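Down below is the structure, laid out as structure tokens.
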Amino acid sequence: MGAYIVKRLLISIPVIFGISLITFIMLNVIPGDPIALMMKEHISTDVVERVRAQMHLDDPAYVRFFRFVWDALHGDFGTSYKLNRSVTTLLLDAFPNTLALAMSGALVSWIIGIPAGVLSAVKKRSFLDNSIMGFSLLGVSIPVFWAGLLFQYIFSMVLGILPVSGFSGPEYLIMPAIVLGWSSAGTIARLTRSSLLEVMRNDYIRTARAKGNLEIKVILNHALKNSMLPVVTVMALQVAGLLSGAVITESVFGIPGIGRIAVNAIQSRDMPLLQGAVMFTTVLVILGNLVADILYSLIDPRIKYD
Amino acid sequence: MNLARNLMLKKEVIEASDELVKETFWQDVFRSLKKDRMAITGGIVILLFVLMAIFAPWIAPHDPYEVNLDNQFQKPGLEHWLGTDMFGRDVLSRIIYGSQISLLIGLVPSMITMSIGIVLGIVAGYFGRRTDFVIMTISDMVLSFPSLLLAMVVMYTLGASLLNIFIALSIVGWAGTARVVRAQTLSLKNKEFVEAARAVGVKPYIIMLRHILPNCIPQLLVLFTLEIPGSILSEASLSFLGVGAQPPASSWGLMVSNGKEFLFNAPWVAIAPGIAILVIVLAFNFLGDGLRDALDPYLKQ
Amino acid sequence: MDKPLMQVRNVKKYFPVDKGLFGKKTGTVHAVDDISFDVYEKETLAIVGESGCGKSTLGRTLIRLLDATEGTAHFEGRDIFSLSQNELRQLRKEMQIIFQDPFASLNPRMKVSDIIAEPLITHESLGKKEREDRVAELMELVGLRKAYGSRYPHMFSGGQRQRIGIARALALHPKFIVCDEPVSALDVSIQSQIINLLQKLQEQNNLTYLFISHDLSVVRYFSDRIGVMFLGKMMELGPTEEVYRQPLHPYTKFLIAAAPVPDPRSRNQEKLILEGDIPSPLRPPSGCRFHTRCPYVQDICKSKEPEIQQFDGRSVACHFPLV
Amino acid sequence: MREDNTILEINNLKTYFYTDKGVVPAVDDVSIKVKKGQIVGIVGESGCGKSMTSLSIMQLIAPPGKIAGGEIRFDQKNLVGISKQEMRSIRGNEISMIFQEPMTSLNPVYPVGKQVAETLLLHNANMTKAEAKRKVIEMFAMVGIPEPEKRYSVYPHQLSGGLRQRVMIAMALICRSKLLIADEPTTALDVTIEAQILKLMKNLQAEIDTSIIMITHNLGIVAEMCDYVYVMYAGKIMEQADVFDLFDNPKHPYTEGLLKSIPRRDVHQNKSKGLYSIEGMVPNMLQLPRGCRFHPRCEYAVDACREVEPQLVDMGNDHLVRCIKYNQ
């Protein structure tokens, strides 16, 4: 098992390198002179000169890229020119909040999504099935930011039982987690249901019935584990989705997470901060994919560990 | 090498009824779609929105851009069915005009995404080895970016404009389609009718066009109807974060964003456009689900 | 039997098996391992064997659907393995293939007339009318009504689809056709219809068949000569009747005896049953590949690979042929 | 009910499929009898309804299929309409089934031993897991699986087709079922492995004295294994007889045609004459021909064949045939 994880980690290093290359190109090379972009904010010339010197912008692009990678490896993502603080510390402060939000969103989606999907597959074409699927479809279709506003309006402004925004206690996490979790729970529930129904068509399910199993045992003992394979794969892809959702939810609910930092960095044209935020989240996504990969190989014996 | 898999026996009942299927692929799909109420409602709603977008100038009760400060924040009523916003503009008219941008932003990037994804997916799947490795590694990297963040970075670099939104949403979307099409191509490539074409000496690009692509259509149809709502939602999110459509364009996402400060005393300003987004996205999802069920037998082929 | 249409010499086809994360090669499957034989004009040479013996791989390699790892195959004097892409494309007119699975061998999105016309479109510049006539003629030839041309494959039964596949293979008037288990997936009554059709077409168009099958009864009826393969090696080759009456290789003897016979009286005869499982092509046994299942195995069989011995018109690869 | 050793009696079974394109009479008024210790063959081509008959016995017909009529008497009990709970206690215990595709009939994510033990534990509530494991290993040895202890915890993808079918047979006979239904058990196997499996089934049948319904399209297997044979075509039984009687003098044109059109590996057949073959195709079940269902493909068809559906007529010593020639 260990060897498998080590191998997977080794593979993600070139991927991370690739991502940093893409990010670097998009932020430094394509826009031409990053300082020109910053100038849009009418910054005083001395600040501009300081940043130009600090970022050695006169060196050729590839030199700057390898310096960026070298510094990144030492945990130094440059300094945010707007807040004049090290990008790394800013991100590390914000990371726990995003993690809390993303994890609670993920939990909401798994704890509600999977059982709901199984239930509606078991009770196919029943009222329960239709309502679960309707609710999931709503979750998938609803714009996350709009749902946030709606929740704020109903639960904070009208009912006043939950804080509108901010992040100084668990109760601040309830609405954002639900809003974020609802859409991914919808995806997971729909996928679990269709995957389970698909698996039920296999020959070994017919064998399980021919043994004299109760239908519910056929579903839970034989079909469920097989149906989890595609669900786990989607969970990996969902990590990226959750982080996208987090970006919005953090803005709506004013949660000081990495997403919020990224949005502010864009609005204030703070390139080093944005670059750091993007790198940070993509590494999170890769780790998420790794976890899902390992989960997948735990379920499916056909995948060897060697 | 393969065992004597006597396919005829396993599909006894299917074989019996299969023989009398006289419909072509499209007739069969349309017949099952017609029976699916949800898909039909979805289709009708989409049609309404398209008509609304086309005939917006004639339908909209007021001029969406006419600022009239002394009737700010009017409650939804007879005069303004959905009330007015902070500049006294009629919310309903702005939503009607907004449908033009939102539908455009739903369709155009999806088309770009699908075409890039199809070409790269088929090429990667059919040729395999190095081309496959390169294309798939890039797509894995693109998929590692949270899509919204990547779109934001693109908007940051290129600046906010309608064209740039198309580019941003396409850069994000192609990887997903490419992976699906590649998987489909890999399974089709080993099918005997492709081997037969190669045995006849048909050139690879013709094999891709005549044999591989048409058999991906069922999968692509489903993907397309689910890609459109995806990009509508993405654009709305971008606009909400102030990185998408810029004024005076009245994209629904922007309207929600402008209305969020006045949520307490004028909730309709932010909530009404959100409902429009929800309805059109739901409609596409209804249609997409209906299509997937109707195409199910063909998806597994 | 006049001069050989095709001379196959030491053909090998290996597949790398890449397991592990980095996809590094961790083994090779010797699907076809040093096979040599001749194919004579207008004959039906059957290649029989169980799964994993490499018969389908051999068939596909000989018409270059797969590229051989080693060896040569001279077709009318020219080695097809060393032909350039263009030369190969010209050669396609001479060699064709018929497949086993009626459901997978026809493009479901194409009309039947287009499927049959594809070879004509690819190789000959015919007018539309002329091409339609040729397609109609081909459909009549294989016993299908012209009117079916505008239909799609899913509207046909297995037997009819196999006829469409045959019509496609005949479109360019080939000399040599690889039939890869053409009747295995069909019902008994349909099977005999297709066998008769193949036979009629062979006589009318002087076709040469490489008939790949695992059905020893169909092969006895239909083939002139038979080659028995096991795990990539040719165990025995010779005229069909002689091989069935007096098999030289133990595997041939047991393989022929294995299929149950449709005559209840033979049910209580002592059954010749080969024990053990088919070894995996990834780790073939040492020496003679059949030694793990051979009831007459000796020590030499385990260590030394048997030389191919020739008897007049017959060959066998066994240290102790059943002479 | 006369007390003889009939273990299973199916009378006028009708299993119809109510598809959106019409009703498919997959099994149309079929009557079959199986005696204790007897191997009964149901032979026919695809779409003839033989598999649907077996699935009806096990009550495993999924919608849109339904048992529309007739009775299935097993051990004097009519299975059609009994409680789900009672049927479950019979499935896998008193009647068990093996299927055609050993590759896909086992659950890929569970060890094979555990899957066989499950059948045992389902029908023996007070049996401990360890005891069940012991019995399974014993059964694995009995069905000829080498190193049974090691193979207990192996996953299906690590076994060959032949070994997987042996696991399926072990699973079917672990509770010493009275009736084993084998639906094309060796069709997907190589011929040398098929010979092993057929021999194994014969030995086990003798040892456990179970009755077997052998469903196949292969008349060679019928000749070798079965005592009594039913020939099915388009959902109906066309002929039924003792195996020697059927092969010696087949009466129905379809049976006769089938026997004549099979190539033989044990005898030289002159190629120049061509193989006898029954023309035409299996009829489509939604537009069945009027009168005798075989008449469009029958050499001896006369006008009467197109009007009236002949009945199964007993020609003596249990040889029944459904053909106008014998209906006068």
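Would you kindly give the portion of the calculated P(r) for the protein assembly as shown that falls above 63 Å, as a percent of all Cα pairs? Tail of P(r) above 63 Å: 20 percent of Cα pairs.
Divide the volume of the convex hull around the Cα atoms of the range D:253-328 by the residue count and you get 135 Å³ per residue. Charging the Cβ of each Asp and Glu at -1 and of each Lys and Arg at +1, and nothing else, the dipole of chain B about its Cα centre rounds to 1120 debye.
Here chain C carries DSSP beta bridges of which approximately 60% are antiparallel, counting only pairs with both residues inside.
With a threshold of 26 Å on the Cα-Cα distance, the over-threshold entries among C:93/C:129; D:14/D:77; D:77/D:114; D:66/D:325; D:129/D:178 are D:77/D:114; D:66/D:325.
Normalised by the number of residues in chain B, the average gap of Cα pairs under 8 Å and 6 or more apart makes the relative contact order 24 percent. For the range C:142-291, the normalised intensity computed at q = 0.08, 0.10, 0.17, 0.21 Å⁻¹ comes to -0.31, -0.48, -1.10, -1.37 (log10 of I(q)/I(0), Debye sum over alpha carbons, equal scatterers, no solvent). The trypsin sites (Lys or Arg not before Pro) found in the range A:238-306 that occupy coil by DSSP, while having at most 14 further C-beta atoms within 10 Å, are A:302, A:304.
Residue C:42 versus residue D:317, label points 7 Å from Cα toward the beta carbon: distance in nm? Placing both labels 7 Å beyond Cα along the Cβ direction yields 4.9 nm. Reported to the nearest whole Å, the Cα centre-to-centre distance from the range C:108-135 to the range D:252-328 is 38. What you get for the protein assembly as shown, charging only the Cβ of Lys and Arg (+1) and of Asp and Glu (-1), is a dipole of about 760 debye around the Cα centre.
With the charge dipole of the range D:253-328 set up from +1 on Lys and Arg Cβ and -1 on Asp and Glu Cβ about the Cα centre, the Cα lying farthest toward the positive end among the listed residues D:302, D:254, D:292 is that of D:254. Legend: calculated FRET efficiency, residue C:241 to residue A:220, from the Cβ-Cβ distance at R0 = 45 Å, rounded to 0.05, equals 0.15. For the range D:70-80, putting each phi into the Karplus relation 6.51 cos²θ - 1.76 cosθ + 1.60 with θ = phi - 60° gives couplings of x, 10, 10, 8, 10, 6, 6, 9, 8, 6, 5 Hz, in residue order, rounded to whole numbers and with x for Gly and Pro.
Applying both filters, DSSP loop and at most 14 other Cβ atoms within 10 Å, to the trypsin sites (Lys or Arg not before Pro) of the range D:146-224 gives D:176. Distances between placed amide hydrogens fall under 5 Å for residue C:178 paired with C:96, C:97, C:98, C:210, all partners being 5 or more residues away or on another chain. Between the alpha-carbon centres of the range C:236-298 and the range A:279-301 there is a gap of 50 Å.
For residue C:322, the residues 5 or more places off, or on other chains, whose built amide H falls under 5 Å of its own are C:249. Solvent-accessible area per residue in the range A:118-208 equals 41 Å², computed with a 1.4 angstrom probe and all protein chains kept.
Annotation for the range D:66-97 versus the range B:95-139: alpha-carbon center distance of 54 Å. Relative contact order of chain C, taken over Cα pairs closer than 8 Å and 6 or more residues apart, is 20 percent. In order along the range C:192-197, phi translates into HN-Hα couplings of 5, 4, 5, 4, 4, 5 Hz, rounded to whole numbers, per the Karplus curve 6.51 cos²θ - 1.76 cosθ + 1.60 with θ = phi - 60° and x for Gly and Pro. Could you list log10 I(q)/I(0) for the range C:90-131 at q = 0.32 Å⁻¹, which the Debye formula gives when each Cα is one point scatterer? With no solvent term, the Cα-only Debye profile gives -1.14.
Close lysine pairs were tallied over chain A: pairs 8 or more places apart or on different chains with Cα atoms under 22 Å apart number 9.
Solvent exposure of chain B amounts to 41 Å² per residue of accessible area, where only protein heavy atoms count and the probe is 1.4 Å. Taking every alpha-carbon pair under 8 Å whose residues sit at least 6 apart, chain D reaches a relative contact order of 20 percent. Only sites in a loop by DSSP and with at most 16 other Cβ atoms within 10 Å count here; which trypsin sites (Lys or Arg not before Pro) in the range C:247-323 make the cut? Loop-located and lightly packed - C:271, C:304.
Legend: residues D:209, B:70, sorted from most to least accessible area (1.4 Å probe; ligands, DNA and RNA excluded), read B:70, D:209. Using 0.36 nm per residue and subtracting the Cα-Cα separation, the extra length available between residue C:125 and residue C:283 on full extension is 51.9 nm. Peptide C:57-70 has a mean of 1 when you count, residue by residue, the C-beta atoms of other protein chains within 10 Å of its C-beta. In this simple spin-label model, placing a label point 7 Å from the Cα along the Cα-to-Cβ direction at both residue A:70 and residue C:307 gives a separation of 6.9 nm. In chain D, taking the dipole from charged Cβ atoms about the Cα centre, the farthest positive-side position among D:179, D:60, D:220 is held by D:60. Taking D:31, D:56, D:261 as the candidate residues, the one with maximal mean-square fluctuation in a Gaussian network model of chain D, Cα springs under 10 Å, is D:261. Rounded to the nearest whole Hz, the Karplus-based 3J(HN,Hα) values (6.51 cos²θ - 1.76 cosθ + 1.60, θ = phi - 60°) of the range A:17-23 follow the sequence 4, x, 5, 5, 5, 4, 4, with x at glycine and proline. Put +1 on the Cβ of each Lys and Arg and -1 on the Cβ of each Asp and Glu in the protein assembly as shown; which of C:85, D:49, A:111 then has its Cα farthest toward the positive end of the dipole? Among C:85, D:49, A:111, the one farthest towards the positive end of the dipole of the protein assembly as shown is D:49. What the Cβ-Cβ distance of residue A:283 and residue D:126 gives, at R0 = 41 Å and to the nearest 0.05, is a FRET efficiency of 0.15. Across the range B:177-213, the residues whose backbone nitrogen lies under 16 Å from the label position 7 Å along the beta-carbon direction of residue C:89 are B:197-210. If exposed trypsin sites (Lys or Arg not before Pro) are those in a DSSP loop with at most 13 other Cβ within 10 Å, what is the longest stretch of chain B that has none? My reading of the result: B:36-299 is the longest stretch.
The values are calculated or read from the model by the stated rules, or taken from the named source; none is laboratory data. Remember, predicted model here, so these are calculated numbers, not experimental data. FYI the Cβ positions are ideal-geometry reconstructions off the backbone, even for glycines, and counts take in every protein chain you see. Note: areas computed on protein heavy atoms with side chains; ligands, DNA, RNA excluded. Shrake-Rupley method; radii C 1.70, N 1.55, O 1.52, S 1.80 Å.
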